[in-house]
Every structure is written in C-alpha cells, then in structure tokens.
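*Asks:* Pasting in a structure now, in structure tokens, and then I'll have a few things to ask.
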Amino acid sequence: MKKAIGRFLAGRLQTKKYMNKKKIDSLENAEDMKKDLLILGIETSCDETAAAVVCGGRTVLSNVIYSQIDLHTLYGGVVPEIASRKHIEKIDQVIEQALKEADKKLEEIDAIAVTYGPGLVGALLVGVSAAKAISYAAKIPLVGVHHIEGHISANFIENPDLEPPFLCLVVSGGHSHLVFVKAYGEYEILGRTRDDAAGEAYDKVARAIGLGYPGGPKIDKIAKEGNPEAIHFPRAKVENSNFDFSFSGLKSSVLNYLNGMKMKEEPVHIPDVAASFQKAVVDVLVDHSMAALKEYHINKFAIAGGVASNSAIREAFVQACKKSEIEFYYPSPVYCTDNAAMIAVAGYYDFKKGMTSGLDLNAVANLKLGER
C-alpha cells in the first residue's frame, strides 16, 4: 500500500483518464452484481483519520478511527494545519489496520469510497490522495462521497428495516441540516443553519463557561446537574423560512448573560447555564423537525452527526416521535462522530447506481449536498 501511494506521489501517474469515470449504466441491474460488495471507506474531513470495510452496504467488518481530540484540546479547537499533518502520519496505518481487522486483502475490495467534501481542505486532500493512489495502483473503482451523505447513511448500519423516503436531521460541529431523503443518493434540503451550526454553538458556549473543547459532550454531561428552566434563552426563528436554523443569537445571549452576571458580581451556576442553553437548542431542533414531518407527511425520522449522540437531544426526539407516532432511527455514538463506515455505506449505494469518480477527483471544502 505504501508503495502504491509512493508511486502516485512520485508522479508516475501519466493520465487523469480512468476507465470507471463514466456511469456504469448496467451496474445496478446486472445479473452478476454481487450482493456482498466490499467497500473500503476512507474519511479525513476534519480531525479523525478513519478507514473501514463494509459488506453489502450494511455490515461493518471493521471501523478504525484515529482521533486527534486530545491534541486539539490544547488549542481549544481544531487547528487545520496540525490536523492535516497528523492525517499524513496515520493514514497508511489506519487503512492497513481496517483491512487486517476485516480479514480482507486489497484485491478483494470492490470499490474505494472517500470523503471529498465538505471539510478542511488540507485534511480532505490527504484522504483523497490516498484513495486515488490505491485506486490507480490496484485498479479498484473510486467513489467520491459527500460527508453529510455519509452521516445520513450511518443510520442504515444498525437499522436493516430503514429505507427511503425519510426525514433526517444532521447536526454536527459544522452542519445543521434538515434533509428529505427521497431515495438512496437523492436529497432535498428543507432547512439549514443561517449562521452557527448547533455543534459550533455548543463549542463556543462550552469555552465561555470554562468547560473547554470539545463542548458537546461536556455540556451534555454537566447539564444533567442543572435546571433547564433556570434561565430563559431565546429560540430563534428565521424570517420567511420555517425550517432554517439560527444559533448565533442564542450563543450571544449566553455570553451576554455571563457578562451581565460578572458586572453585577453575582455567582454563575454553570450547570444551570449549560442545561438552559441545551434546552433552547433541543427545543428548536425538535420543533423544526416535527413541523417538517407534518408538512411533508413523512412518518420516518432519523438523526445523524456528532451532536446526534447528545443524550438530551435523543431523549427529546424519542418522546416527540412517540407522541406523533413517528418511527425514530438513530446511530450508535461511534457512528455519529466522523467515521469511515458511514462513508463506505454511502459509497456502496452510489457504486450500485454506477456512480464512480475519476482520478481527477479533488477535495472541495464547501461542497454542497447533491453536487457532484
């Protein structure tokens, strides 16, 4: 594998043409199509270096994740240059470990799925370059995957009965999207954040109240000790859009509260601040999602993304969906955070439809869902 990547980086690739760049029109309906396709997934969009092998789009044979959280905690957030360098150090080891744990050889892999956007461009380039090198050297088809599509697809891993159409709420450090999943690989965005994503607001508030990075898990933990009704923070609504999100005003309201208490020299009960802030986020996420389910007459709902592992958010949706008789799906925490299994699953369904990428595939930091 290292030799393959070395050949790629040494410039031995003479052409950007690739035999699988065009749609394989007959792939989906081919009689000889293997139902147990093996997909190698690679994910390096932010600060996790991950590789996984998935069989048949739902069975995870391996899911290896090298996390940089401890490293970036020193700086209070992800440092892009450091993240990229660490990806370069770990990518070979992680891919080799994923193949080893799956007990599969590279020649057994049917396709390589890799995140090519959105994310940190330097980090994305590491994964894309590794995937293209292996694809070229081993003559394995390449599939570029959208990161958000990966998060949505994480729900397929542990829910064999889940099939489109359904509504999915993707909440993470960089994204807050309400997505109508019409079919595999077919999406309509009903709502998105206009400013701060939910996870970004969590990180900024956690830093302000002295909890540090990463903010989501720390606020979730300490909020259990607080009163969610102690402080009223605003629930923002976006004009002319029932389903878009805005968390910047909520973040500012928390900061103003903290500054006001400091000026009055009054003590701040951190658990109450955390619980009240979290309640405001949860209320907005639930209200928007339930309204969209009702308007579009959808009876299946899923959540995805790092913030989807938050216990308060999950419990609120369990109750709301039960009340409205909506089927509720969610991934285990390991599949909520960035991982390669979800990328392999998304890549599986794209590959079955004949969607492959050429060796001119590039990292796209601001890639929009649905773009190719």
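*Asks:* Cα centroids of region 111-135 and region 313-347: how far apart, whole angstrom?
*Replies:* Comparing the Cα centres of region 111-135 and region 313-347, I get a distance of 25 Å.
*Asks:* In terms of modelled amide H atoms, which long-range or inter-chain residues lie less than 5 Å from the amide H of ARG192?
*Replies:* For ARG192, the qualifying residues are LEU178, ASP244, PHE245.
*Asks:* Also: GNM, the chain, Cα, under 10 Å: largest mean-square fluctuation among MET342, MET263, MET355?
*Replies:* For the chain, modelled as a Gaussian network with Cα springs under 10 Å, the answer is MET263.
*Asks:* For TYR116, enumerate residues with amide H under 5 Å from its amide H, sequence gap 5+ or separate chain, H modeled in the peptide plane.
*Replies:* VAL145, HIS147
*Asks:* State the antiparallel share, in %, of DSSP beta bridges confined to the chain, rounding to the nearest 5.
*Replies:* 60 percent
*Asks:* Then there's this: Compute, for the chain, the length of the dipole vector about the Cα centre, with Cβ point charges of +1 (Lys, Arg) and -1 (Asp, Glu) only. Units Debye, rounded to 20.
*Replies:* Numbers: 43 positive and 46 negative charges, 196 e Å.
The dipole of the chain has a size of about 940 debye.
*Asks:* For region 170-327, what is the relative contact order in percent, using Cα pairs closer than 8 Å and at least 6 residues apart in sequence?
*Replies:* Contact order relative to length: 26 percent.
*Asks:* Averaged over every viewing direction, what's the projected area of the C-alpha convex hull for the chain? Give it in nm², one decimal, please.
*Replies:* 19.1 nm²
*Asks:* Now a separate question. Calculate the radius of gyration of the Cα atoms of region 286-372 to one decimal place, then report Dmax, the largest Cα-Cα distance, as a whole number, both in Å.
*Replies:* 16.2, 49
*Asks:* Going through the cross-link list LYS105/LYS368; LYS139/LYS352; LYS224/LYS251; LYS218/LYS264; LYS294/LYS353; LYS86/LYS132, which pairs have a Cα-Cα distance over 23 Å in this structure?
*Replies:* LYS105/LYS368; LYS218/LYS264; LYS294/LYS353
*Asks:* How high is the relative contact order of the chain, in percent, with contacts defined as C-alpha pairs under 8 Å that are six or more residues apart? Mind dumping the intermediate values first?
*Replies:* Working: 807 pairs, mean separation 96.3, N = 372.
Value for the chain: 26 percent.
*Asks:* For region 163-330, just say rounded, prolate or oblate: build the C-alpha gyration tensor, square-root its eigenvalues into a ≥ b ≥ c, call rounded for a/c under 1.5, and beyond that prolate if a/b exceeds b/c, oblate if not. Kindly include the intermediate steps, with their values, before the conclusion.
*Replies:* Working: a/c = 2.16, a/b = 1.94, b/c = 1.11.
Note, shape of region 163-330 comes out prolate.
*Asks:* Taking the Cα atoms of region 153-262, report the difference between the largest and smallest coordinate on each principal axis, in whole Å and largest first.
*Replies:* Cα extents, longest axis first: 52, 35, 23 Å.
*Asks:* Report, in deg cm²/dmol and to the nearest 500, the calculated mean residue ellipticity at 222 nm for the chain, where each DSSP H run with n ≥ 4 adds -39500 (n - 2.57) and the sum is divided by the residue count. Intermediate results must be reported in sequence, preceding the final value.
*Replies:* On the way: 12 runs with 159 residues, N = 372.
Calculated from helices alone, the mean residue ellipticity at 222 nm is -13500 deg cm²/dmol.
*Asks:* Taking only Cα atoms and a 10 Å spring cutoff, compute GNM fluctuations for the chain and point out the largest among LEU124, LEU74, LEU40.
*Replies:* Highest fluctuation among the options: LEU74.
*Asks:* Output the 0 to 90 degree angle, nearest 10, between the alpha-carbon long axis of helix 80-102 and the longest principal axis computed from the alpha carbons of the chain.
*Replies:* Helix 80-102 sits roughly 60 degrees off the main axis of the chain.
No lab work stands behind these numbers, since they all come straight from the coordinates. Everything quoted here is computed from the prediction, not taken from an experiment. Note that we place each Cβ from the backbone using ideal geometry, even for glycine, and neighbour counts take in every protein chain shown.
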